[in-house]
Amino acid sequence: MDIINEIKELKKEKDAIILAHYYVMPEIQEIADFVGDSFYLSKVAAKAPEKTIVFCGVSFMGESAKILSPEKIVLMPDISADCPMAHMCDADTIEQVKKEYDDLAVVCYINSTAELKMHSDVCVTSSNALQIVKALPQKNIFFIPDKNLAHFIAEKVPEKHFIFNEGFCPTHEKMRYEEILELKEQHPDAPVLSHPECAESIRNISDFLGSTSQIIDYATEHSNKEFIICTEIGVNYELETKNPDTKFYYAKSVPVCPNMKKNSLEKILHVLKTGENEVVVDEAVSKGSISALEMMHKLAN
Ligand code: 13P
Ligand code: SF4
């Protein structure tokens, strides 16, 4: 039996579902039951009737799924696939800012550890951050860990006072402004679609900013036949599948998230066979961080 059929058989046998982020390898997106951005996958994981979730993404995704559904078995094909930005803040910093402001909400990008979520009021993703920040009653917003998403939202909500943290995504930061300018010169009719994790210089020359699925939707719903894409190269699979006659251009340095790319079909098969790489979240951390995730689901719906 080939590896794909073996995975399909084991999925049935183990009552498992495979979730995949748009940044994982195309062959995984092809066999996954659901592919999407972080918010979509978090909703699917919370509602999935299956006993086991195989989460093809990075740690904070598997961890959030486990926190929202503690009774389920969550397996990661590669347990070392972690998002560096998830660690770019700490509990002491949050508690210090809380002391400085009375009317404060700690808004935590879902790309964060469960410990950071435990000290936060609400989680957000790039697809719902604007809606959620606008809905918060507090005037002061401490937005962690990503400075780029924070600044993107802050510009759109001038009535709030933002306190920024210095976190960033190494994959998006690697893209150079000059590379995108060069692409714009080569393809003057191609709109620039970017993820808000991009640096300010790139955000400023973008025609549209949104989550991975919002970028895919934008390209699919608009009649242009070429786009410059400023996010991780994995989105190209869905972009080309949905838009076979459209050209998509990327920075020469090619944005690749090395952690998302740790997922593979072989590793999916291995965890389905062995049950290895189960996500375990400390009970106290799980209980302490669930409210920020649940608040996100409540405010975003
Ligand atoms: P999305 O929520 O847009 O899928 O982004 C997740 C991510 O990790 C971006 O780098
Ligand atoms: Fe984290 Fe960046 Fe990879 Fe997204 S692309 S998972 S933010 S390192």
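The values are calculated or read from the model by the stated rules, or taken from the named source; none is laboratory data. The shown structure was predicted, so the numbers you read here are calculated from the model rather than taken from an experiment. As a convention, Cβ positions derive from the backbone with ideal geometry for all residues, glycine included, and neighbour counts pool all protein chains shown.
Among the candidates Phe162, Phe142, Phe152, which residue alone is among the aromatic types (Phe, Trp, Tyr), within 16 Å of ligand 2 (Cβ to nearest atom) and either touching a residue at least 24 places away in the same chain (Cβ under 8 Å) or farther than 18 Å from Ser42 by Cβ (or both)? Reasoning before the result, please.
On the way: Phe162 fails: within 16 Å of ligand 2 (Cβ to nearest atom); Phe142 fails: within 16 Å of ligand 2 (Cβ to nearest atom).
Among Phe162, Phe142, Phe152, only Phe152 is among the aromatic types (Phe, Trp, Tyr), within 16 Å of ligand 2 (Cβ to nearest atom) and either touching a residue at least 24 places away in the same chain (Cβ under 8 Å) or farther than 18 Å from Ser42 by Cβ (or both).
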| remark: Picking from His151, His172, the residue that is closer than 28 Å to Ala81 by Cα and buried (at least 18 other Cβ atoms within 10 Å of the Cβ) would be His172
| query | Do we find a residue being away from ligand 1 (no atom under 16 Å from the Cβ), on the phi > 0 side of the Ramachandran plot, among the small types (Gly, Ala, Ser) and in contact (Cβ under 8 Å) with a residue 12 or more places away in the chain anywhere in region 263-278? | reply | yes
| request: Out of the residues in region 175-195 that are touching a helix residue (DSSP H, G or I) at 6+ places or on another chain (Cβ under 7 Å) and not in a helix (DSSP H, G or I), state the one that is surrounded by the fewest Cβ atoms within 10 Å (Cβ to Cβ). | output: Val192
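Results for (1) in a helix (DSSP H, G or I); (2) out of contact with any Ser or Thr (no Cβ under 8 Å at 6 or more places or on another chain); (3) away from ligand 2 (no atom under 16 Å from the Cβ), shown as yes or no for each residue.
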residue: Glu197; (1), (2), (3): no, no, no
residue: Asp217; (1), (2), (3): yes, yes, yes
residue: Pro244; (1), (2), (3): no, yes, yes
residue: Val280; (1), (2), (3): no, yes, yes
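Being of a type outside the set (A, V, I, L, M, F, W, C), in contact (Cβ under 8 Å) with a residue 40 or more places away in the chain and closer than 20 Å to Val254 by Cβ narrows it down to one of Gly210, Gly234, so name that one.
Details: Gly210 fails: closer than 20 Å to Val254 by Cβ.
It is Gly234.
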| field | Single condition Ile79 does not satisfy, out of (1) β-branched (Val, Ile, Thr); (2) more than 16 Å from ligand 1 (Cβ to nearest atom); (3) touching a helix residue (DSSP H, G or I) at 6+ places or on another chain (Cβ under 7 Å) | value | (3)
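Would you mind stating whether Asp102 is at pLDDT below 95, of a type outside the set (Lys, Arg) and surrounded by fewer than 22 Cβ atoms within 10 Å (Cβ to Cβ)? Even if it seems obvious, please write down each step before you answer.
On the way: at pLDDT below 95: yes; of a type outside the set (Lys, Arg): yes; surrounded by fewer than 22 Cβ atoms within 10 Å (Cβ to Cβ): yes.
Yes.
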| If you check Tyr23 against the conditions, is it in contact (Cβ under 8 Å) with a residue 40 or more places away in the chain, within 16 Å of ligand 2 (Cβ to nearest atom) and in a helix (DSSP H, G or I)? | no
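Quick one: which residue in Thr246, Thr220 is more than 27 Å from Ala46 (Cα to Cα) and either touching a His at 6+ places or on another chain (Cβ under 6 Å) or in contact (Cβ under 8 Å) with a residue 24 or more places away in the chain (or both)? Can you show your working first?
On the way: Thr220 fails: either touching a His at 6+ places or on another chain (Cβ under 6 Å) or in contact (Cβ under 8 Å) with a residue 24 or more places away in the chain (or both).
Result of the check over Thr246, Thr220: Thr246.
Any residue in region 126-138 that is surrounded by 15 or more Cβ atoms within 10 Å (Cβ to Cβ) and away from ligand 1 (no atom under 16 Å from the Cβ)? Let's see the steps before the verdict.
At the first step, the residues of region 126-138 found to be surrounded by 15 or more Cβ atoms within 10 Å (Cβ to Cβ) are 126-130, 132-133, 136, 138.
So of that shortlist, the ones also away from ligand 1 (no atom under 16 Å from the Cβ) come out as 136, 138.
Yes, because at least one residue in region 126-138 is surrounded by 15 or more Cβ atoms within 10 Å (Cβ to Cβ) and away from ligand 1 (no atom under 16 Å from the Cβ).
I'm trying to understand the selection: among the residues of region 219-242, which are part of a strand (DSSP E or B) and either at pLDDT below 95 or within 16 Å of ligand 2 (Cβ to nearest atom) (or both)? Lay out the reasoning, then the answer.
Filtering region 219-242 down to residues part of a strand (DSSP E or B) leaves 226-230.
Hits for region 219-242 are Ile229, Cys230.
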